[in-house]
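The values are calculated or read from the model by the stated rules, or taken from the named source; none is laboratory data. Predicted model, so just to flag it, every value in this text is computed and none were measured. Methodologically, a virtual Cβ is constructed for each residue, glycine included, from the backbone with ideal geometry; neighbour enumeration extends over all protein chains shown.
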Amino acid sequence: LFRSMDEDELRYREEVPCYCGKQGCIETFISGTGFATDYRRLSGHALKGSEIISLVEESDPVAELALRRYELRL
């Protein structure tokens, strides 16, 4: 199943700098760091990927959203 990215997602990709100095690089979004960064953007809390997954297992809606967005990027 393919889903298109929404406007917010596309704008986010353009705004987030990559470690290489460019912006919008896919590596920025499909890494564990990218997953944690997106969760922080959505929730305001900085957590590690494993901590976010624990929240997903507890049915936390923000963690679930971050995981769904990460899965779509893959």
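Selection within the stretch 13-56: residues that are among the polar types (S, T, N, Q) and within 14 Å of the chain's Cα centre (by Cα). The member of this set that is surrounded by the most Cβ atoms within 10 Å (Cβ to Cβ) is 28. Residue count for the stretch 43-67 satisfying the condition of being charged (D, E, K, R), under 16 Å from residue 32 (Cβ atoms) and in a helix (DSSP H, G or I): 1. For the stretch 55-74, a residue qualifies if it is touching an Asp or Glu at 6+ places or on another chain (Cβ under 9 Å) and among the hydroxyl-bearing types (Ser, Thr, Tyr), and exactly one does: 70.
For the stretch 1-32, a tally of residues being modelled with pLDDT of 75 or more, outside any loop (DSSP other than H, G, I, E, B) and either among the aliphatic types (A, V, I, L, M) or within 20 Å of residue 61 (Cα to Cα) (or both) returns 2. If you go through the stretch 57-74 and keep only what is buried (at least 17 other Cβ atoms within 10 Å of the Cβ) and not charged (D, E, K, R), you end up with 63, 66, 67, 70.
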